[in-house]
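Undergrad: Below you will find the structure I want to go over with you.
The values are calculated or read from the model by the stated rules, or taken from the named source; none is laboratory data. Quantities reported herein were computed from a predicted structural model and do not represent experimental measurements. Cβ: placed from backbone, ideal geometry, glycine included. Neighbour counts: every protein chain shown.
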C-alpha cells in the first residue's frame, strides 16, 4: 500500500494544510453597511499601518469618528494620520470606500463586494487593482486584474486606489528556507513533488522510465480520492482547433 496522496492529505486538513490564523493581525473587511453609510458618510483617520501574515498587502488601522476601529488594505500613497471616508456621500479619493455607482469611469478600485453588503471579496492582493470601464442599467463593469470584465451590482462597495505592496515579487527568495517559512505561514505545502517523479506505489502517475505518465490523464468526476488526479472530469483535451 502506498503513501497518502497530497489531495487526500489536503482533504483531511492536517497541520500542514491548516492556515496559522492565530498569527494573523485581523480580518480585513468593509464596515457593516448600516444607515450611516447608506444615507451619508463616516470619516476616519489612519492611526497605524502594519503587516499581517495572512495578507500579502500591508493593512491600515482606521479610527472612525464614532470611536469604531477597523482594518482596510492600505492603498498606495497613504500614510499614518491621513483621513479616509466610507459611505454613500464619501468623496472620490484614494482610500475612500463608496458604492460603485458613485465612482466615475476610469477610476482604479480594489476590495470589491460581489454582492451588496458582503464586505469585500475581490481584488485583495498586494499591488492589484480593477478599473471601472462602464456603467449601464445592468450594472457597473469592472476590468479585473486578469483583464476579464465583470458586471457588478451598482450598490456594491469598493475602495478607491491601488493596493500597496506591488514590489513584493521583485525580490527573489534566493534560498529554499525563506520560501519554506512563507508557505508555512500561509498553510501551504512546500516543497511540491511532481507525481511523475514518484514511485508507482506513491502516485498513479509514478514509475516508468523518465518523467512520463504512461496512461491517460483524464479521470472520472466520480473516481475515488486515490485515483482522482490529472484532468478531473475534463470536457475536452488537446489543442483547440
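Undergrad: Can you tell me which condition residue 34 does not meet? The list is (1) more than 23 Å from residue 122 (Cα to Cα); (2) without any contact (Cβ under 8 Å) to a residue 12 or more places away in the chain; (3) not assigned by TED's automatic domain parsing to the domain that holds residue 192, and all the others hold.
TA: Here residue 34 meets the rest and fails (1).
Undergrad: If I go through the range 179-195 residue by residue, how many of them are in a helix (DSSP H, G or I) and within 30 Å of residue 210 (Cα to Cα)?
TA: Here the count works out to 4.
Undergrad: Restricting attention to the range 36-55, which residues are buried (at least 19 other Cβ atoms within 10 Å of the Cβ) and not in a strand (DSSP E or B)?
TA: Selection gives 37, 55.
Undergrad: Still on this structure: Please give the number of the condition residue 198 fails out of (1) closer than 30 Å to residue 88 by Cβ; (2) out of contact with any helix residue (DSSP H, G or I) (no Cβ under 9 Å at 6 or more places or on another chain); (3) surrounded by 15 or more Cβ atoms within 10 Å (Cβ to Cβ).
TA: Unmet for residue 198, out of (1) closer than 30 Å to residue 88 by Cβ; (2) out of contact with any helix residue (DSSP H, G or I) (no Cβ under 9 Å at 6 or more places or on another chain); (3) surrounded by 15 or more Cβ atoms within 10 Å (Cβ to Cβ): (1).
Undergrad: Another question, if that's okay. Can you tell me which condition residue 168 does not meet? The list is (1) in contact with a helix residue (DSSP H, G or I) (Cβ under 6 Å, 6 or more places away or on another chain); (2) closer than 30 Å to residue 56 by Cα; (3) at pLDDT below 95, and all the others hold.
TA: All conditions are met except number (1).
Undergrad: Just checking, which of 12, 69 is in contact with a strand residue (DSSP E or B) (Cβ under 8 Å, 6 or more places away or on another chain) and exposed (fewer than 14 other Cβ atoms within 10 Å of the Cβ)?
TA: 69
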